[in-house]
Amino acid sequence: MHSQQVTAEPPSNSTVGDVPGALWSPASGTDRAPFTFDVIIAGCGPTGAILAAELRLHDVRVLVLEKETEPKSFVRIVGLHIRSLELMAMRGLLDRLLQHGRQRPAGGFFAAIDKPAPKDLDSAHAYLLGIPQPVIERLLEEHAIELGAQVRRGCAVTGFEQDDEGVTVELADGERLRSRYLVGCDGGRSTVRKLLGVGFPGEPSRTETLMGEMEVGVPQEQITAKVTEIRETHQPFWLRPFGGGIYSVVVPAAGVSDRAEPPTLEDFQQQLRAIAGTDFGVHSPRWLSRFGDATRLAERYRVGRVLLAGDAAHIHPPTGGQGLNLGVQDAFNLGWKLAAQIRGWAPEALLDTYQAERHPVAAEVLDNTRAQMELLSTEPGPQAVRRLLTELMDFDEVNRHLIEKITAIGIRYDFGEGPDLLGRRLRDIDVKQGHLYGLLHRGRGLLLDRTERLTVGGWSDRVDHLADPTAALDVPCVLLRPDGHVAWIGDDQQDLDDHLSRWFGKPAG
């Protein structure tokens with residue numbers, strides 16, 4: 001095979017025989033190869049890399065196939081929102097990312113309405129982390145490789161066939177690989193989704209916008225005054241400083257070169273002059289792109305042994321900066337569930353909860369980006385609504401609700417009746433061993449027990465137990481899933497055992 005391969009040797013305890021049912025595919029066909037991998041992931045962007053790492057925490061044999069031969073070279077800044085930062089902290093990744101990113105306040109996200117973040121957001125990481133896209137992709141890929149994932153570049157998935165036992169994946173060079181599951185993390189034009197025949201309903205792009213990062217040739221004061229004036233009538237328009245003389249530039253794309261071609265610096269200069277009367281002396285671009293407002297959601301996230309995550313499952317305009325975050329959070333939700341299925345301890349319906357939980361979240365993100373795009377319109381009606389919402393956001397409750405929606409800390413999965421905390425993520429509270437998230441690095445469940453009299457018993461191979469009467473909780477005990485969401489609240493051992501069975505299967509022995 002003539003494809004670049006980066007690999008790390010899996011731990012010695014990760015042999016084929018260690019994984020239940022992962023030895024050989026049925027010998028019913030001459031093209032059935034041995035199960036070389038448990039999971040093949042198409043796409044090594046942030047979603048695919050995080051999913052690979054999450055699976056490796058549970059000794060699942062993973063191969064990531066990336067069609068591009070080299071990582072992205074253009075330096076685009078992407079933003080990690082609060083919930084994504086929390087998840088990175090849960091896996092011990094946040095400090096590594098902070099070294100390469102720049103923090104800014106968690107405000108002004110919704111339709112670019114410039115309101116400060118509400119005070120006392122319920123998180124230890126209440127900020128936005130701006131980080132170059134090539135850097136975050138490199139760091140997450142390195143993390144997956146360190147844990148034992150294999151990554152092959154220059155490998156495009158061109159076909160697959162699934163059966164009751166696994167999936168046979170065909171590559172562009174004709175090689176056929178066999179795995180138990182396939183996950184498409186291959187972007188908005190996902191080959192996996194198309195081959196799977198999953199519908200992708202929604203709206204095509206109606207308007208397009210230019211976005212890039214470049215230097216400017218005029219003082220900040222002049223830019224600020226002009227942008228404030230222009231934004232009275234042109235909402236999809238801004239020049240925001242990133243530091244070091246670099247500005248993020250967003251301007252409508254109407255009238256520029258063919259949408260099939262990448263934009264040029266001249267396109268930006270032309271549009272800036274048409275709208276602002278000046279091009280602000282923009283020069284030395286770091287990257288240039290265009291985006292549309294296409295909004296689509298996959299009808300299903302799973303068909304048999306093939307699943308979708310990230311942009312392969314949903315696309316929407318970048319307003320609010322939610323796209324990368326939504327995909328990363330998909331991966332954290334799916335990883336431990338798919339690992340449980342492969343390791344043989346998953347309850348019957350556990351893998352189905354991936355779609356049940358994440359599909360509604362994506363639907364809400366698509367709705368809020370639709371709303372934001374309407375508020376960016378220059379038409380009189382949307383502008384009237386924008387002015388009204390701008391006034392309403394002066395109320396803390398409104399501002400807080402919208403920030404929690406954009407940053408995903410307001411998500412509550414439906415785990416049935418119970419206290420408001422049930423189904424929500426738990427913030428990084430203080431515990432006797434330091435901070436809660438430091439106890440979740442291994443991707444296992446956790447019982448946080450303030451009564452000091454409960455036990456995880458036969459689930460101790462999947463769930464950790466911390467007896468800590470000093471934990472900063474206002475409930476007796478909580479059971480956390482590996483993604484940090486509260487699966488149970490109470491103080492009764494039998495009730496706890498029932499919920500351990502619900503989420504973590506039958507006890508060992």
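Annotations
Residues checked against (1) touching a Ser or Thr at 6+ places or on another chain (Cβ under 7 Å); (2) of a type outside the set (D, E, K, R); (3) within 30 Å of residue 58 (Cα to Cα); (4) surrounded by fewer than 22 Cβ atoms within 10 Å (Cβ to Cβ):
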| position | (1), (2), (3), (4) |
| --- | --- |
| 313 | no, yes, yes, no |
| 317 | yes, yes, no, no |
| 320 | yes, yes, no, no |
| 353 | no, yes, yes, yes |
| 389 | no, yes, no, yes |
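- Count - residues of the stretch 229-259 that are of a type in the set (Ser, Thr, Tyr) and either modelled with pLDDT under 85 or open to solvent by 60 Å² or more (accessible area, probe 1.4 Å) (or both): 2
- Residues within the stretch 192-208 that are hydrophobic (A, V, I, L, M, F, W, C), buried (at least 20 other Cβ atoms within 10 Å of the Cβ) and touching a helix residue (DSSP H, G or I) at 6+ places or on another chain (Cβ under 8 Å), tallied: 1
- Output for the stretch 413-462, where each listed residue is in a helix (DSSP H, G or I) and in contact with a Phe, Trp or Tyr (Cβ under 9 Å, 6 or more places away or on another chain): 459
Each row is one residue, and each column tells you yes or no for (1) farther than 15 Å from residue 42 by Cβ; (2) open to solvent by 30 Å² or more (accessible area, probe 1.4 Å); (3) assigned to a helix (DSSP H, G or I).
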site: 168; (1), (2), (3): no, no, no
site: 186; (1), (2), (3): no, yes, no
site: 210; (1), (2), (3): yes, no, no
site: 214; (1), (2), (3): yes, no, no
site: 227; (1), (2), (3): yes, no, yes
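- Criterion (more than 29 Å from residue 101 (Cα to Cα), charged (D, E, K, R) and assigned to a strand (DSSP E or B)) met by exactly one of 286, 180: 180
- Leading residue by the ranking (farthest from residue 327 (Cα to Cα)) among those in the stretch 397-448 that are aromatic (Phe, Trp, Tyr) and in contact with an Asp or Glu (Cβ under 6 Å, 6 or more places away or on another chain): 437
- Hits in the stretch 354-395 - residues which are in contact (Cβ under 8 Å) with a residue 40 or more places away in the chain, more than 22 Å from residue 188 (Cα to Cα) and among the β-branched types (Val, Ile, Thr): 378, 390
- If you filter the stretch 294-307 down to residues that are open to solvent by 10 Å² or more (accessible area, probe 1.4 Å) and in a loop (DSSP other than H, G, I, E, B), you find that the one that is farthest from residue 178 (Cα to Cα) is 294.
One line per residue, one yes/no per condition, for (1) over 19 Å from residue 342 (Cβ atoms); (2) touching a helix residue (DSSP H, G or I) at 6+ places or on another chain (Cβ under 8 Å); (3) modelled with pLDDT of 50 or more:
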{"site": "1", "(1), (2), (3)": "yes, no, no"}
{"site": "6", "(1), (2), (3)": "yes, yes, no"}
{"site": "14", "(1), (2), (3)": "no, no, no"}
{"site": "24", "(1), (2), (3)": "no, no, no"}
{"site": "36", "(1), (2), (3)": "no, no, yes"}
{"site": "45", "(1), (2), (3)": "yes, yes, yes"}
{"site": "53", "(1), (2), (3)": "no, yes, yes"}
{"site": "57", "(1), (2), (3)": "no, yes, yes"}
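- Number of the exception - residue 303 against (1) more than 12 Å from residue 188 (Cβ to Cβ); (2) within 20 Å of the chain's Cα centre (by Cα); (3) β-branched (Val, Ile, Thr): (2)
- Of the strands (runs of 3 or more DSSP E) that lie entirely inside the stretch 102-157, those containing 1 or more residues that are surrounded by fewer than 20 Cβ atoms within 10 Å (Cβ to Cβ), basic (Lys, Arg) and over 17 Å from the mean Cα position of the chain (by Cα) span 102-105, 150-153.
- Here residue 420 meets each of (1) closer than 18 Å to residue 122 by Cα; (2) open to solvent by less than 60 Å² (accessible area, probe 1.4 Å); (3) at pLDDT 95 or above; (4) not basic (Lys, Arg) with one exception, condition (2).
- Identity of the residue in the stretch 424-477, among the basic types (Lys, Arg), open to solvent by 70 Å² or more (accessible area, probe 1.4 Å) and more than 19 Å from residue 85 (Cβ to Cβ), that ends up farthest from the chain's Cα centre (by Cα): 453
- Residue in the stretch 405-412 that is in a helix (DSSP H, G or I) and surrounded by fewer than 15 Cβ atoms within 10 Å (Cβ to Cβ) present: no
- One residue alone among 280, 332, 291 is out of contact with any His (no Cβ under 6 Å at 6 or more places or on another chain), closer than 29 Å to residue 104 by Cα and in a loop (DSSP other than H, G, I, E, B), and that residue is 280.
- Residue match in the stretch 428-448 (condition: at pLDDT 95 or above, out of contact with any strand residue (DSSP E or B) (no Cβ under 7 Å at 6 or more places or on another chain) and β-branched (Val, Ile, Thr)): yes
- Test: residue 325 is open to solvent by less than 20 Å² (accessible area, probe 1.4 Å) and out of contact with any Asp or Glu (no Cβ under 8 Å at 6 or more places or on another chain): yes
- Screening residue 139 with (1) touching a strand residue (DSSP E or B) at 6+ places or on another chain (Cβ under 7 Å); (2) modelled with pLDDT of 95 or more gives one miss only, at (1).
- Residue 84 satisfies every condition listed in (1) touching a Phe, Trp or Tyr at 6+ places or on another chain (Cβ under 8 Å); (2) surrounded by 22 or more Cβ atoms within 10 Å (Cβ to Cβ) except (1).
- Test: residue in the stretch 495-506 that is open to solvent by 60 Å² or more (accessible area, probe 1.4 Å) and in contact (Cβ under 8 Å) with a residue 60 or more places away in the chain: yes
The values are calculated or read from the model by the stated rules, or taken from the named source; none is laboratory data. Bear in mind the structure is a predicted one, so any value in this text is a computation, not a measurement. Positions of Cβ are backbone-derived with ideal geometry, glycine not excepted, and every protein chain shown enters the neighbour counts. For the accessible areas, the whole protein counts, side chains as well, though only heavy atoms, and no ligand, DNA or RNA atoms are used. Shrake-Rupley method; radii C 1.70, N 1.55, O 1.52, S 1.80 Å.
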